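What follows is a set of notes on a single structure, which appears directly below.
The values are calculated or read from the model by the stated rules, or taken from the named source; none is laboratory data. Computed from a predicted model, the values in this text were never measured in an experiment. FYI the Cβ positions are ideal-geometry reconstructions off the backbone, even for glycines, and counts take in every protein chain you see.
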């Protein structure tokens, strides 16, 4: 492995890759910091730019963007009390309270250092575990892949949103849209309605840009039109002492390491993203703390834990994507599309067939970690200005980027129409509190799911029992069943508690009337 | 109430779509292109997976419809008032017009016009900043794509 890393270093240690990583990281920091713009949206908008450059320039750019975006969300969470991305929502609880006390600088630097350590954990896990896991994944057959995909989709439905039925509904829409194109086994056209533009299926970039770009613009437009609105109130934001002592960090090292491990473990599981890891890490940090009552009122541990965890996910989430071809979340799904566009098909044979490129990417991931820290520090003083960019100007530019990015993939005006349609669909779904992540992931995973199911049946001569007779496949299918049952039980208990509470309210108000 | 109705309508549409998909799947899915006896026989007929997707769609939509009366959470839809709907409606029309104009007028011209009109109508009133953004952003993107990435963007009637 060390030999592979050293030989790949010569491919990566050039100014172009370095510039791509720096540019991606800085853009990611800015995008993540501005509420309403997320790392996911940034990846969707900018990934088409990478299709036309070398893989070891384009993919490191996206990796830098991913990491920068993940940390960048903590900036707006701390400074204006609005998380830049969903995975920074836990950071807000204590980070914003620290800002109110004039300790915004301490919170930001603490978040940066925790992100660096968490990121390093995830990156090292990627570098050392992915090649080993690939050796096991080579032995996976279609039965195992099918079971893993079903488990991933279930987990996405489970962790996205408050309702399993809505999550499954969203996922089923993704399955439906993925049917368009051609039959993966027989090769015949399917649901193209005679349109040549649909022969290759719906363009994933058009779909992702629509639901994450156009949808967000429409949501932001709801409150436009009133003069003076659209700029967050940053008056009186005092960064305070923009520094954190090494001794302070050492005092919190147990929390940071635990949270980094949580982020790495959760990130490596397909279907679960950074948002879950940050909340789990926050909850465990509070439980382990000697002063849990201080959480939520400006405890530094409440900032360090979620930030370490959500950045640890960045590297770890790439493990199932690279090794199995099953993206862990939307961001890795977009990264996977970018890899495929570069001729690199994720899966068990990716590492063995493209050793130099993949190890080059591992080095680029390490470089991105360092770039995150360096440029995170250098840009600290810019944040107040960046967060003051007027929303109308920003979102009109987002629309332009959506259009150019989508069009450039296939030079197709039809893709623009697809993007627009999905933008409206995404808006309707968000207004009905329906997560769009299950739809996107189901769309991406649908082809693998169908192919592995049908190839599995070919191998087992049409028998479905084989899916339960093979231990790994059976394990994931049983686990899926348990997750579904547990979620149904949790929802049922929640409803009973709500009905009990509303029953008590009715009784109380009836007594008061008497 | 309005948001629950919206939820119900959406689920009903998906339920109907799932049922329709189940019925029409064999018509819109052609037979095997390469019929390999013994292999394609057990690999499930081409309409199987579309029908499975249709069943999942319909079942999930039905579950949402049946659990509607039990739901207590406040939907984002219920927070919208008429001015919000108006803004979104205008936004949809504006974005659609922009996308159609790209092919007619060209990327740079349509993007510049879109930035100017959209930003002004959104309430932002700094003409020099708007103008500078409207010129610099599309023009820079065009340069990046044309000379950096060697990808052509629509030129349309203007540029």
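Overview of results
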read-out	value
Residues within the range A:80-115 that are assigned to a helix (DSSP H, G or I) and farther than 21 Å from residue A:279 by Cβ, tallied	5
Any hit, the range A:90-107, residues being buried (at least 21 other Cβ atoms within 10 Å of the Cβ) and under 17 Å from the mean Cα position of the chain (by Cα)	yes
Test: residue in the range A:427-434 that is closer than 30 Å to residue B:145 by Cα and buried (at least 22 other Cβ atoms within 10 Å of the Cβ)	yes
Hey, residue A:313 surrounded by 24 or more Cβ atoms within 10 Å (Cβ to Cβ), away from every other protein chain (no Cβ under 14 Å), more than 27 Å from residue A:94 (Cβ to Cβ) and under 19 Å from the mean Cα position of the chain (by Cα) or not	no
Some residue of the range B:99-116 being within 30 Å of residue B:7 (Cα to Cα) and assigned to a helix (DSSP H, G or I)	yes
Of the criteria (1) within 13 Å of residue A:122 (Cβ to Cβ); (2) at pLDDT 90 or above, which one residue A:254 fails	(1)
Top-ranked residue of the range A:449-474 - restricted to ones that are more than 13 Å from chain B (Cβ to nearest Cβ) and in a helix (DSSP H, G or I), ranked as farthest from the chain's Cα centre (by Cα)	A:469
Flag for residue B:102 being out of contact with any strand residue (DSSP E or B) (no Cβ under 9 Å at 6 or more places or on another chain) and more than 8 Å from every other protein chain (Cβ to nearest Cβ)	no
Single condition residue A:356 does not satisfy, out of (1) more than 30 Å from residue B:146 (Cα to Cα); (2) crowded, with 19+ Cβ neighbours inside 10 Å	(2)
Filtered residues of the range B:112-128 (kept if more than 19 Å from residue A:220 (Cα to Cα) and either in contact with a helix residue (DSSP H, G or I) (Cβ under 7 Å, 6 or more places away or on another chain) or more than 10 Å from chain A (Cβ to nearest Cβ) (or both))	B:112, B:113, B:127, B:128
Selection count where residues are within 10 Å of chain B (Cβ to nearest Cβ) and buried (at least 19 other Cβ atoms within 10 Å of the Cβ), scope the range A:194-224	8
Yes/no for residue A:284 being at pLDDT 90 or above, surrounded by fewer than 20 Cβ atoms within 10 Å (Cβ to Cβ) and closer than 30 Å to residue A:440 by Cβ	no
The listed residue being surrounded by fewer than 16 Cβ atoms within 10 Å (Cβ to Cβ) and at pLDDT 85 or above, out of A:469, A:507	A:469
Any hit, the range A:475-483, residues being modelled with pLDDT under 85, within 33 Å of the chain's Cα centre (by Cα) and more than 30 Å from residue A:183 (Cα to Cα)	yes
Which listed residue, of A:416, A:425, A:394, is out of contact with any helix residue (DSSP H, G or I) (no Cβ under 8 Å at 6 or more places or on another chain), within 14 Å of chain B (Cβ to nearest Cβ) and either on the phi > 0 side of the Ramachandran plot or part of a helix (DSSP H, G or I) (or both)	A:394
Some residue of the range A:183-193 being under 20 Å from the mean Cα position of the chain (by Cα) and either at the interface with chain B (Cβ under 9 Å from one of its Cβ atoms) or farther than 30 Å from residue A:301 by Cβ (or both)	no
So residue B:155, is it in contact (Cβ under 8 Å) with a residue 40 or more places away in the chain, in contact with a helix residue (DSSP H, G or I) (Cβ under 8 Å, 6 or more places away or on another chain) and either assigned to a helix (DSSP H, G or I) or within 22 Å of residue A:412 (Cβ to Cβ) (or both)	yes
